[in-house]
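The values are calculated or read from the model by the stated rules, or taken from the named source; none is laboratory data. Worth saying up front: this structure is predicted, and the values here are computed from it rather than measured. Because the Cβ atoms are built from the backbone with ideal geometry, glycine has one as well, and the counts that use them run over all protein chains shown.
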Amino acid sequence: MKFKNKLKKLPGSWYFLGAIIFIYLLLSIFSKEIYLNSLNFFGQIIYKIIPIFIMVFVLMSLSNYFITPEFVIKHLKEKGIKKWFYVILGGIISSGPIYMWYPLLADLKNKGLNYGLIACFLYNRAIKIPLLPLAIIYFSWQYIIILTLVMVAISIIQGILINKIMEVK
Amino acid sequence: MKQSMTKAAKGLWNAFPMILGTILLISLISAIVPKSFYTTLFSKNILIDSIIGSSVGSISAGNPITSYIFGGEMLNQGIGLLAVTAFLVAWVTVGIIQLPAESTILGKKFAILRNITAFILSIIVAIVTVLILGVIA
């Protein structure tokens, strides 16, 4: 009975993880090749994201220490393009998989960062400065520069759009 | 500072099952979907290909390096730059696979709205980029 109650209290995200692990268990029985390939890929991702995870933890700790709701209100709620500039810059210089940043953004949201700025940050995470040389090799430098500038402009439009829509209840 | 670190650890622990589940799901899809699948989807119709490009990019996951390689291969196969651009942009801005994690942590309405607008905007980014490139080049 106690175990059942504990299970009921578990957040939905644990059921999601449980379901995925169950699929892996089935694959380990019925399709060893896919199972091993998936695990191999999983290992590669985990290996890559451990340093990012540590970085996110450090940034979250620093953010908890220095970025108080008052700080966010002061720097990101001020009028003008300054706040957008900081968010765009933050999105571009941040690294690692997008989902690693959700907890930090949720934390900043609780401190007063609006949805539009969060969307703008996430959009700009698509711009990877270290990968630009590779992109230029595959395409052309003109194409990559134009694409990057258009994406930055569109990220602001998306942010404004999301703020407008989220305001409508 | 200790309090700040505890708070950060708690925040990450809350996100842990969703992050781990998402990585496992991405790994599974990468193992199941062959790379050649992406290049067989396009019809060489500019508009339809842009929508297909955005759709495929939206459900794909992985490092942007992979998207550049796919994008380069698509161009070599004769697929238009508009479709390839839509694919590249959607790959990095729309996250269907990450949607459960994003919904749980940042809110369902925001996550759905952000992904829908990112999908539509990926087509707009592609059109604007190719138009500007056409004028400049």
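Quick test of your reading of the structure: A:D107 fulfils all but one of (1) assigned to a helix (DSSP H, G or I); (2) within 17 Å of B:G95 (Cβ to Cβ); (3) facing chain B (nearest Cβ under 10 Å). Name the failing condition by number.
Evaluating A:D107 over (1) assigned to a helix (DSSP H, G or I); (2) within 17 Å of B:G95 (Cβ to Cβ); (3) facing chain B (nearest Cβ under 10 Å) leaves (2) as the failure.
Taking the condition assigned to a helix (DSSP H, G or I), out of contact with any Phe, Trp or Tyr (no Cβ under 8 Å at 6 or more places or on another chain) and at pLDDT 90 or above, does B:V92 pass? Even if it seems obvious, please write down each step before you answer.
On the way: assigned to a helix (DSSP H, G or I): yes; out of contact with any Phe, Trp or Tyr (no Cβ under 8 Å at 6 or more places or on another chain): yes; at pLDDT 90 or above: no.
Here the answer is no, as B:V92 does not meet what is asked.
Can you work out which of the residues in segment A:135-163 that are touching a residue at least 24 places away in the same chain (Cβ under 8 Å) and more than 7 Å from every other protein chain (Cβ to nearest Cβ) is surrounded by the most Cβ atoms within 10 Å (Cβ to Cβ)?
A:S155
Quick one: in segment B:120-135, of everything that is facing another protein chain (nearest Cβ under 7 Å) and touching a residue at least 24 places away in the same chain (Cβ under 8 Å), which residue is surrounded by the fewest Cβ atoms within 10 Å (Cβ to Cβ)?
The selected residue is B:L133.
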